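The values are calculated or read from the model by the stated rules, or taken from the named source; none is laboratory data. Since the structure is predicted, the reported quantities are computational estimates derived from the model, not experimental observations. Using ideal geometry, Cβ is built from the backbone for each residue, glycine included, and neighbour counts are taken over all protein chains shown. Quick note on the areas: whole protein, heavy atoms, side chains included, nothing else; ligands and nucleic acids left out. Shrake-Rupley method; radii C 1.70, N 1.55, O 1.52, S 1.80 Å.
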Amino acid sequence: MVALSGSHTIGQARCTIFRNRIYNETNIDSSFATSLKANCPTSGGDNTLAPLDLTSPNAFDNAYFRNLLSQKGLLHSDQQLFSGGSTDAQVRAYSTNPTSFSTDFANAMVKMGNLSPLTGTSGQIRTNCRKAN
């Protein structure tokens, strides 16, 4: 899961998704939060975008993990990967070894692609992906 989260090395998120993190969480670099607040006010601007990886937003690399070490994860779920828990060591490893990250990411994508979805009465197509029907 840590390797797959590294996909956040590219892409953007809407202000409405990360607003709570930059205004209310304490495990965030203060200058990083301040820079985001300039374009994401406490209300309004919901559709304003920010890169998931401030360092290299258009490159698939391991900068995302280095950002987490500096408490510069844009999303709450990202920063949780490096917050004193069981995934800290893996984040540290990927932050210094881009080859390991790339290999593990590719393997995880193949593994995920080989999953078979539940169909018929064994599964469901959610009308709202955030909750079971």
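Ignoring ligands, DNA and RNA, what percent of the accessible area of segment 1-56 is carbon or sulfur (1.4 Å)?
On the way: 1520 of 2950 Å².
That fraction is 52 percent.
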**OP:** Return the label of the correct value of Rg/Rh (Cα atoms, Kirkwood Rh), as calculated from the structure shown, out of (i) 1.07; (ii) 0.96; (iii) 1.02.
**Re:** (iii)
**OP:** Can you pull the one-decimal nm distance between simple spin-label points at residue 12 and residue 83, each 7 Å off the Cα toward Cβ?
**Re:** 2.6
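Suppose every K and R has +1 on its Cβ and every D and E has -1 on its Cβ; what is the size of the dipole of segment 1-114 about the Cα centre, in Debye to the nearest 20? Could you put the intermediate results ahead of the total?
Details: 8 positive and 8 negative charges, 23 e Å.
Approximately 100 debye in magnitude.
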Subject >> Cysteines having no other Cys beta carbon under 4.7 Å from their own, within the chain >> reply: 129
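Restricting to Cα pairs below 8 Å that are 6+ residues apart, what does the relative contact order work out to for the chain? Please round to a whole percent. Display every interim value, and only then the final one.
Values: 161 pairs, mean separation 36.0, N = 133.
The normalised contact order for the chain reaches 27 percent.
Divide by every residue of the chain the summed helix terms, -39500 (n - 2.57) for each DSSP H run of at least 4, and state the resulting mean residue ellipticity at 222 nm, rounded to the nearest 500 deg cm²/dmol.
Values: 7 runs with 58 residues, N = 133.
Dividing the helical sum by the residues of the chain leaves -12000 deg cm²/dmol.
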**OP:** Give the peptides 122-130, 46-54, 29-37 in descending order of average Cβ contacts within 10 Å, highest first.
**Re:** 46-54, 29-37, 122-130
**OP:** List the residues whose amide H sits under 5 Å from the amide H of residue 12, counting only those 5 or more places along or on another chain, with H placed 1.01 Å from N in the peptide plane.
**Re:** 52
**OP:** Hey, can you find the accessible area per residue of segment 1-114 for me, probe 1.4 Å, expressed in square angstrom?
**Re:** 53
